[in-house]
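What follows is one structure encoded as structure tokens, with my remarks underneath.
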Amino acid sequence: MKNTLNRDLIEAIVFDIDGTLADTDDTYIRQLATWLKPFRRFMPRGDVSGAARRIVMALESPANAFVATLDKAGLDQIIGPAIDFLYQLRGARPARGMHLIAGTRSSLNTLSQRYPLAIATAREQRSAYAFLQEHDLSTYFDCVASARSARRSKPHPAPIRWISEQLNVDPRNLLMVGDTVIDTRAGQAAGAQTAAVLSGFGLRKELEAADADAVFDSVAELTAWLVGGED
């Protein structure tokens, strides 16, 4: 496994939420499976969950590419407020029912005793804070960069740079942890080190192709490496 991370440079850690801390894949699959139940007889062996999983996995990379395209065109800040409004009408529902990925809480508890922690998410503010409050994680994080905390969204480096200012930590001393190429590119563009995790949307081959400094199975594995001092 490629690992070019320099532990000595890390002074703070930035986490994505979806697919990194939250088991978003399985949540989306459960929701889609519910919608697909009326069409069960058209699916191989009537496997609704299997069909839902295949659909979600097939859509993830194109969806990430679409977000990156919006950012490049400067449209994320224009479309974003409309999405925020819809979330507000629904309360904080987008955050409800999200399960934590195994080992997340203990990892955050361990890492927060060693580093300042932050969030950089494409979620709007209300949804991001609702997720943290639902799982009682707020105390672990010193700051949260949501969809419009900065002038641009990931993969633009603005959210990472905003966090570096809030924490008073040079971007080069940040570690950006996420499950997609978007997270990796945002960290790289800001000058941070990057660690990709395979617990969410990203595939190993695309994360390695994006030149993440290291790829781990999960945040728990990253934590074990950071704390254990093993290369």
Of (1) out of contact with any Lys or Arg (no Cβ under 8 Å at 6 or more places or on another chain); (2) in contact (Cβ under 8 Å) with a residue 24 or more places away in the chain, Ala122 fails just (1)
Would you pick out the residues in the stretch 202-211 that are outside any helix (DSSP H, G or I), more than 14 Å from Thr4 (Cβ to Cβ) and open to solvent by 40 Å² or more (accessible area, probe 1.4 Å)? Leu203
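For the stretch 212-231: of the residues being part of a loop (DSSP other than H, G, I, E, B) and modelled with pLDDT of 95 or more, which is nearest to Thr110 (Cα to Cα)?
Taking the stretch 212-231 as the starting set, the residues that turn out to be part of a loop (DSSP other than H, G, I, E, B) are 212-213, 217-218, 229-231.
Then drop every residue that is not modelled with pLDDT of 95 or more, which leaves 212-213, 217-218.
On the way: Ala212: 23, Asp213: 22, Asp217: 18, Ser218: 15 Å.
So the residue we want is Ser218.
Got at least one residue in the stretch 184-193 being assigned to a helix (DSSP H, G or I), open to solvent by 30 Å² or more (accessible area, probe 1.4 Å) and in contact with a strand residue (DSSP E or B) (Cβ under 8 Å, 6 or more places away or on another chain)? Lay out the reasoning, then the answer.
Let us first name the residues in the stretch 184-193 that are assigned to a helix (DSSP H, G or I), namely 184-190.
With the extra rule that they be open to solvent by 30 Å² or more (accessible area, probe 1.4 Å), the set shrinks to 185, 188-189.
Still in the running and in contact with a strand residue (DSSP E or B) (Cβ under 8 Å, 6 or more places away or on another chain): 188.
Looking through the stretch 184-193, at least one residue is assigned to a helix (DSSP H, G or I), open to solvent by 30 Å² or more (accessible area, probe 1.4 Å) and in contact with a strand residue (DSSP E or B) (Cβ under 8 Å, 6 or more places away or on another chain).
Kindly indicate whether Ser199 is under 21 Å from Tyr129 (Cβ atoms), open to solvent by 10 Å² or more (accessible area, probe 1.4 Å) and at pLDDT below 95. Give the steps one after another, and end with the answer.
Details: under 21 Å from Tyr129 (Cβ atoms): no; open to solvent by 10 Å² or more (accessible area, probe 1.4 Å): yes; at pLDDT below 95: yes.
Here the answer is no, as Ser199 does not meet what is asked.
The values are calculated or read from the model by the stated rules, or taken from the named source; none is laboratory data. Given the structure is predicted, the values throughout are model-derived calculations rather than measurements. All Cβ positions, even for glycine, are placed from backbone atoms using ideal geometry, and neighbour counts span all protein chains on display. These area figures cover heavy atoms from the full protein model, side chains too; ligands, DNA and RNA do not enter into them. Shrake-Rupley method; radii C 1.70, N 1.55, O 1.52, S 1.80 Å.
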